[in-house]
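The values are calculated or read from the model by the stated rules, or taken from the named source; none is laboratory data. Because the structure is a prediction, the values reported are computed rather than measured. FYI the Cβ positions are ideal-geometry reconstructions off the backbone, even for glycines, and counts take in every protein chain you see. Areas reflect the complete protein model, heavy atoms only, side chains present, ligands, DNA and RNA absent. Shrake-Rupley method; radii C 1.70, N 1.55, O 1.52, S 1.80 Å.
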Amino acid sequence: MMLVVVAIAALVLSFLLQRRAEAKIRENEKSLHQQQNEMDRIAAEDQAVWKGVTRPDQLNGGNVGPTDYTAELAQLRAKAAELRAREIQLSNQQWSSRLLAGVNLLSIGNSNLLEHNKTLEATMNGGPRPTNGKLNDARGFANALMHYAADHEGFFPSTFDQVAAFLPRPLTSSSPPWDNAPISGTNDFEIVYQGALNELRSIPVGRIALLRERQPWLTPDGKWGRTYAYADGGAEIVVSDDNFQSWDAVHIVPPPTSP
C-alpha cells in the first residue's frame, strides 16, 4: 500500500512540475511577443524620422528646433537597444523553461525507458566505419551538422541543404577505417534539435538527438525500429514497443514555440 502511495505522489509531483513549466513558458512567450511588437513600433518611428515622414515637432508635440530631431532619434535608438536587451533576456528565460520541461519529461521517461526500448545496433563517432547503411547515413549527417555548427557560432542548421558542403566524401584506398562512407540517399531523416550546442551544457551531449528517421520500420521480431544520431556524433538503431514515446521524451529537447 505504501509503495502505491509513493508512486501516486511521484506522478502528481511530476504532473505539477510539468504544468508549472508550461505556465512559465506561456508567460515568457507572451512577454516576448509584447516586447517584439514594441520594438517593431519603435523601428517604424525611427524609419519615419529618417525618411522625414514624421516631423520633429510632431514627435515632441510642440515647437522645437533642429537640435531636437537628433535628440529624438537618439532616444528612439536607446529605447530600441533597451528592448533588444530585454528580448534577449526573455529569450534565454524561454529557453530555460523549455529545457526544464524537457528535464521533467526526461525524469518521467527514464522510469520506463528500458522497459519499452532497446538498442539493436550502435556506432560511435570516431569508431569503426558502420557497415549498416542507416547507421552510416545517420552518423554522416550528424557529423555534417556538427561541422556546420562549428562554423556558425555553435548553431545547428534547420535543413539538410545547409550542410551539403560538410557531408562525407567518397572513400579512397587511403581512407582510415573510421571515415564515414558517402550518404546513400536512400534513408529519410529529419532534424529534431533546433538551437545551439552551448545551450545544452547541463545535459550530456550523448543524450541529445540531432536527427532521426522520419518513419519507423518493422523489424524481424515484430517491433518497430528507428535510427537516431546524437550530438556526440554517434548513432544507433532503437527498437520500441511504445511508439518511441519514452525514448523521444529522454533524447529530444522540445523545439521553440511560436508566439
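List of remarks:
- Among the candidates Ala138, Ala164, residue that is open to solvent by less than 30 Å² (accessible area, probe 1.4 Å) and within 28 Å of Pro254 (Cα to Cα): Ala138
Results for (1) assigned to a loop (DSSP other than H, G, I, E, B); (2) over 25 Å from Ser158 (Cβ atoms), shown as yes or no for each residue.
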residue	(1), (2)
Gly222	yes, yes
Ala229	no, no
Gly233	yes, no
Val238	no, no
Asp242	yes, yes
Pro254	yes, no
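- Restricting the stretch 183-199 to residues that are without any contact (Cβ under 8 Å) to a residue 60 or more places away in the chain and surrounded by 14 or more Cβ atoms within 10 Å (Cβ to Cβ), the residue that is nearest to Arg139 (Cα to Cα) is Ile183.
- Pick from the stretch 115-144, criterion in contact with a helix residue (DSSP H, G or I) (Cβ under 6 Å, 6 or more places away or on another chain) and part of a helix (DSSP H, G or I), ranking: farthest from Tyr193 (Cα to Cα): His116
- Of Ala165, Ala150, Ala144, all but one fail to be hydrophobic (A, V, I, L, M, F, W, C) and closer than 27 Å to Trp217 by Cβ; the exception is Ala144.
- Test: residue in the stretch 224-240 that is without any contact (Cβ under 8 Å) to a residue 60 or more places away in the chain and surrounded by 14 or more Cβ atoms within 10 Å (Cβ to Cβ): yes
- Restricted to the stretch 145-161, and to residues there that are open to solvent by 70 Å² or more (accessible area, probe 1.4 Å) and outside any strand (DSSP E or B), the residue that is nearest to Gly195 (Cα to Cα) is Ser158.
- Listed conditions (1) assigned to a loop (DSSP other than H, G, I, E, B); (2) touching a Gly at 6+ places or on another chain (Cβ under 9 Å); (3) of a type outside the set (S, T, N, Q); (4) at pLDDT 90 or above are all met by Pro170, apart from (2).
- Pairs with Cβ under 6 Å, 6+ apart, first in the stretch 132-159 and over 14 Å from Asp179 (Cα atoms), second assigned to a helix (DSSP H, G or I) and modelled with pLDDT under 90: Ala149/Leu197; Gly154/Leu197; Gly154/Asn198
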